[in-house]
Protein chains: 2
Amino acid sequence: MTAIEQTEAARPRGTRLPRRARRNQLLGAAQEVFVAQGYHAAAMDDIAERAGVSKPVLYQHFPGKLDLYLALLDQHCESLLESVRTALASTTDNKLRVYATMDAYFAYVEDEGGAFRLVFESDLTNEPAVRDRVEKVSLQCAEAISDVIAEDTGLSRDQSMLLAVGLGGVSQVVARYWLASSSPVPRDQAVQLLTSLAWRGIAGFPLHGAEH
Amino acid sequence: MTAIEQTEAARPRGTRLPRRARRNQLLGAAQEVFVAQGYHAAAMDDIAERAGVSKPVLYQHFPGKLDLYLALLDQHCESLLESVRTALASTTDNKLRVYATMDAYFAYVEDEGGAFRLVFESDLTNEPAVRDRVEKVSLQCAEAISDVIAEDTGLSRDQSMLLAVGLGGVSQVVARYWLASSSPVPRDQAVQLLTSLAWRGIAGFPLHGAEH
DNA sequence: AAAGCCGTGGAGGTCAAGATCGGCGTGCAG
DNA sequence: CTGCACGCCGATCTTGACCTCCACGGCTTT
C-alpha cells in the first residue's frame, strides 16, 4: 500500500528541462499544493512528486520551504497591488472607480488557480516574513484607495484610511464568500450590489466630515 | 543552557486545584500561548509550563492539542455570535442597530486578551473541524444580519446575504486594522464613521432593488 | 498516628517531515 | 569511439513535537 504508483499523474518523469523552465514548473506545482493543502500540511515530498522530480532538485532551486512559499507570495502580492492600482486609474468617474476596484478583487479571487488563498488565507501569518508581506500589500492597497478618498472628500488622513481599509475588506471578504458559496448571484450583479452600497456610503461624505 | 529557571513566572507550583478550576486555568494558559504564538508554533510544553503544571495533567484534561484548541475556539465563537445577536436585538432603530453591531465587533476585537485571533486569524484553517467552526460562525453572524436586512428592504435572500457578509466583513477587518494601528482615531469615532458609511449605503435600498 | 491511595513530576518513545550524500544516465567534445 | 561533465534520483539523517511510563508527597480512614 505504499505510494509507488500515483506518480503517473503529470509525469514526463525523466525529461531534462533548462533551469529556468524547471524553476517555473516547480513554482507551479508548489502553488497547487500550497493552495490545496496550506503551508503546514504541504510536504516538500508532495511538491516534488507533483512536479515529477525528486526532492533534491527542489532544494537545488530553492534553499528551503519558506523561500519557495515567499517567492509565490511575493508574486501574487504584486499581482493584487497592480490590479487594484490599475482599476483605480482606469477612470476618473468615482462611481465607476468603485465598481472597477471591487471587480478587481472579484477577478483576483476568481482567477489564478486560487492563489488568493496564499495572501488572504495564509496559515503562516506567525512567520514575520509572511506577516510583513501580507500587511504591507493590504496597507498599500488601502493607501491607494485612501488617496482617492482623501482627495475627493473632506476627511482626514486617518479617517480616509479607515474607510479605505473597510472598502478593501468588504471587497475581499465578499469576493471570497461569493466564490465559496458557488455563486448563486452572478458576478456582475454581486459587484453591482456592493458598488451601490459602497458608493451611496462614500458619496455622502464630500462636504461634511461627520454630521450628527 | 537548558531552560530550567523560567518556571518562576506564574507558579504556585504545587497547589492542588479542584478539577474545574484547573481546567479553566489550563484554558487560560492555552489561550495566552495560542494567541501569542499561533497553533503550530505553540508547544504543549509551553502551555503546561505557563500553567505551572506538567504535561500529563494537561493530557488528563484534554485528549490532545486539537481538542484544547477547539474548546477555546468554540468558546469564543459562541461569544462573538452572542455579542452580535445581542447588538442586533438591542434596539429597533436600524441606524442604532448598525452602530451597535459595528461596536460589538470592535469590543470583541479589543477585549478578551486577543482571543479574536483564534477566530479571525487562525493558522489551522486547513483542519476541517476548525474550518467548519469558523465558517459556521461567520455564516451565523451574516444570517442574523441578513434577516434584518431582508426584513426591511426589498432585497432577495441571496442579495441580502451578500450585503450582510460585507457588513460583517467590514466590521471585522476595520476593527482589526484599528486595533493594530494603535488607534489613532478613538473607538467611538471610528465606529461612528463606519456606521455613517454603512447606514447611508444600506438606507438606499428599502424601496427599490438596485437601480442603475 | 500510621498506612494507603491518588494525583504530580521528570525522562523517554515514536514518528513525521525538512534537509542532504553517493550512484546513474545522457549528451557533447575531441 | 571514449572520456567528461551535469543534472537527477534513491536512500538516509536529524530535529522537534506530540504523547506516555516509573518515582514522590499530601490527604483520608480506622
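Read-outs throughout are calculated quantities, based only on the coordinates presented, and are distinct from any laboratory measurement. All values reported here derive from a predicted model rather than from experimental measurement. Positions of Cβ are generated from backbone atoms using ideal geometry, with glycine treated the same way; all protein chains shown enter the neighbour counts.
Which of rounded, prolate or oblate describes the stretch B:70-203 when judged by the alpha-carbon gyration tensor and an a/c cut-off of 1.5? Walk me through the intermediate numbers first.
On the way: a/c = 1.90, a/b = 1.21, b/c = 1.57.
Oblate is the answer for the stretch B:70-203, as a/c is 1.5 or above yet b/c matches or exceeds a/b.
Where in chain A is the longest stretch that carries no GluC sites (Glu not before Pro) classed as loop by DSSP and with at most 12 other Cβ atoms within 10 Å? Walk me through the numbers on the way to the answer.
On the way: sites that count: A:Glu5, A:Glu211.
Here the longest segment lacking exposed loop sites spans A:6-210.
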Worksheet item: To the nearest 20 debye, what charge dipole does chain B have about its Cα centre, counting +1 at the Cβ of each Lys and Arg and -1 at the Cβ of each Asp and Glu?
Response: 680 debye
Discussion item. Please return the longest range in chain B lying between exposed loop sites, taking trypsin sites (Lys or Arg not before Pro), DSSP loop only, at most 16 other beta-carbon atoms within 10 Å, and leaving the sites out.
Written reply: B:17-212
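Take every residue in peptide B:183-189, count the Cβ atoms of other chains within 10 Å of its Cβ, and give the average of those counts.
Values: counts 1, 6, 5, 0, 0, 0, 4.
The shielding value for this peptide is 2.
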Worksheet entry | Greater than 31 Å apart at Cα, pairs in B:Lys65/B:Lys136; A:Lys136/B:Lys55; A:Lys55/B:Lys55; A:Lys65/B:Lys65 | A:Lys136/B:Lys55; A:Lys55/B:Lys55
Worksheet item: Which values, in whole Å and largest first, are the semi-axes of the equivalent ellipsoid of the stretch A:12-62 obtained as the square root of 5 times each eigenvalue of the Cα gyration tensor?
Response: 18, 10, 10
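Would the protein assembly as shown count as rounded, prolate or oblate if I go by the C-alpha gyration tensor, calling it rounded below 1.5 in a/c and otherwise prolate when a/b exceeds b/c, oblate otherwise? Show your work: numbers first, answer last.
Numbers: a/c = 1.93, a/b = 1.18, b/c = 1.63.
Oblate, since a/c reaches 1.5 and b/c is not below a/b.
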Discussion item. Running a GNM on chain B with Cα contacts under 10 Å, which residue among B:Tyr99, B:Tyr177, B:Tyr69 ends up with the highest mean-square fluctuation?
Written reply: B:Tyr177
Fill in: Shape category assigned to the stretch A:143-212 from the gyration tensor of Cα positions, a/c cut at 1.5
prolate
Discussion item. Running a GNM on chain B with Cα contacts under 10 Å, which residue among B:Asp123, B:Asp74, B:Asp158 ends up with the highest mean-square fluctuation?
Written reply: B:Asp158
